[in-house]
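Enquirer: Could you have a look at this structure, given as structure tokens, before my questions?
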Amino acid sequence: MKRVLRITVLYVLCMLIQILPCAAQNVELVEELNPAERGTGPTFIISYLGQLYFRADSGSAGMELMRYDGTNVSLAADINPSGSSDPTEFTANAGVLYFTADDGTHGQRLWSFDGSAASLVDSNQFVQTAQELISFNDNLYFRGTRFSDIGIELWRFDGSAISYIDILAGTGSSYPQQPLSPVDSKHKNAP
């Protein structure tokens, strides 16, 4: 019993030694985007072109693509001027930031951002509901949906055209999930 107690005390002390140095670090608020509300909900933070991009609620524009340049936070793109675009799934590939967002017209679709402007990637609505974006070999891969003839499958965007990999042929769905490349996953947030 004494040995178990000693090991437990030793374990707790080791854990405290690891935690205590963290307590001395400073954490500071970068900017309060929407002081009238309780929190702005910044999520999906990614480093791209030497700046931080993320989704947040600025109050006036709703939940949109925001940018932090190291000094100021600003609206990077107002994708849905009449509401929130709810951008998610941020991934950088070949110098472009990709994500999904809803412009209020097309539903949740794949978008790109080049550092100055956001563009709808799939204006002809070839694929719906892009999810789990990942960069691999200079292509953007994601799970997408087209129920009319393909189902939920693996899709690829090479920078100019969208194609699909029909794992389960026909309208059946293979439901590809959590793509992970041992090499590229370490660099998922790098431009």
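Enquirer: Based on this model, can you work out whether Leu133 counts as aliphatic (A, V, I, L, M) and closer than 12 Å to Tyr48 by Cβ?
Expert: No.
Enquirer: Right, next: When residues of segment 78-88 are filtered for being under 15 Å from the mean Cα position of the chain (by Cα) and buried (at least 20 other Cβ atoms within 10 Å of the Cβ), how many remain?
Expert: 2
Enquirer: Is one or more of the residues making up segment 80-90 assigned to a loop (DSSP other than H, G, I, E, B), in contact (Cβ under 8 Å) with a residue 60 or more places away in the chain and over 14 Å from Ile46 (Cβ atoms)?
Expert: Checked segment 80-90: no residue is assigned to a loop (DSSP other than H, G, I, E, B), in contact (Cβ under 8 Å) with a residue 60 or more places away in the chain and over 14 Å from Ile46 (Cβ atoms).
Enquirer: Would you pick out the residues in segment 108-142 that are under 17 Å from the mean Cα position of the chain (by Cα) and in a loop (DSSP other than H, G, I, E, B)?
Expert: Correct list: Asp114, Gly115, Val121.
Enquirer: Being part of a loop (DSSP other than H, G, I, E, B) and either acidic (Asp, Glu) or touching a residue at least 12 places away in the same chain (Cβ under 8 Å) (or both) is the filter here; which residues of segment 61-79 pass it?
Expert: Ala61, Gly62, Asp69, Gly70, Asn72, Asp78, Ile79
Coordinate-derived values only; no laboratory data. What you see is a predicted model; the values in this text were computed from it and never measured. As a convention, Cβ positions derive from the backbone with ideal geometry for all residues, glycine included, and neighbour counts pool all protein chains shown.
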